[in-house]
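Have a look at the structure below before the remarks.
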Amino acid sequence: MKELRCIVFTEREVVGAVIDRRRKRGEALPAGTVESVTFKTGEAIETVMEIKDDYGKITSVDLPETEVAAALIGFCMGRRIPLPVDAEKTLYVIKDAATLIITMNFNKAPRLVSTTTGKKRRTGGPGTDLARSLL
């Protein structure tokens, strides 16, 4: 069984997410105002931001799919939108809008936490396995 979630972002949210991520990483964008955001689909999704400076010159900035996806995930985390850690997160363009598709696979084997050989396991007290305490 799988669960699928879609989060659709506005153009303003995409721009804000990319600018915020670039600012945090110390990567500059050209000075000016973002005039438009377009998506080129193909093997990978390429996002093109057109930025107009104070003199009217327009500069196109091409953003790879991974950068935009990371910016949108950071955007969600900053707004406390829950994103499952183990889920697959993929960027799509649906009706000219950036869309983050989150797929959770419930058929995966559960992650097991192993104990180290040098440490002694607790046999009782808070946090004891419920099934073990009932036996």
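The values are calculated or read from the model by the stated rules, or taken from the named source; none is laboratory data. These numbers come from a predicted model, not from an experiment. All Cβ positions, even for glycine, are placed from backbone atoms using ideal geometry, and neighbour counts span all protein chains on display.
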Can you tell me which residues in the stretch 3-43 are among the aliphatic types (A, V, I, L, M) and in contact with a strand residue (DSSP E or B) (Cβ under 6 Å, 6 or more places away or on another chain)?
Leu4, Ile7, Val8, Val14, Val15, Val34, Val37
Residues within the stretch 79-97 that are over 11 Å from the mean Cα position of the chain (by Cα) and either surrounded by 14 or more Cβ atoms within 10 Å (Cβ to Cβ) or not in a strand (DSSP E or B) (or both), tallied
8
Do we have any residue at all in the stretch 98-111 that's at pLDDT below 90, over 16 Å from Arg12 (Cα atoms), basic (Lys, Arg) and exposed (fewer than 12 other Cβ atoms within 10 Å of the Cβ)?
yes
Is it true that some residue in the stretch 57-78 is closer than 16 Å to Gly16 by Cα, touching a Pro at 6+ places or on another chain (Cβ under 8 Å) and in a strand (DSSP E or B)?
yes
For the stretch 1-29, which positions are of a type in the set (Asp, Glu) and either over 22 Å from Thr90 (Cβ atoms) or surrounded by 14 or more Cβ atoms within 10 Å (Cβ to Cβ) (or both)?
Glu11, Glu13, Asp20, Glu27
Only one residue in Val8, Val15 is among the β-branched types (Val, Ile, Thr), closer than 23 Å to Ile81 by Cβ and free of Cβ contacts under 8 Å to residues at least 40 places away in the same chain, so which one is that?
Val15
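If I filter the stretch 30-63 down to residues being closer than 15 Å to Leu100 by Cα and either touching a helix residue (DSSP H, G or I) at 6+ places or on another chain (Cβ under 7 Å) or at pLDDT 90 or above (or both), which single residue comes out as surrounded by the fewest Cβ atoms within 10 Å (Cβ to Cβ)?
Taking the stretch 30-63 first, the residues closer than 15 Å to Leu100 by Cα are 39, 41, 44-47.
Still in the running and either touching a helix residue (DSSP H, G or I) at 6+ places or on another chain (Cβ under 7 Å) or at pLDDT 90 or above (or both): 39, 44-47.
Numbers: Phe39: 18, Ala44: 10, Ile45: 19, Glu46: 15, Thr47: 23.
Only one residue fits best here, namely Ala44.
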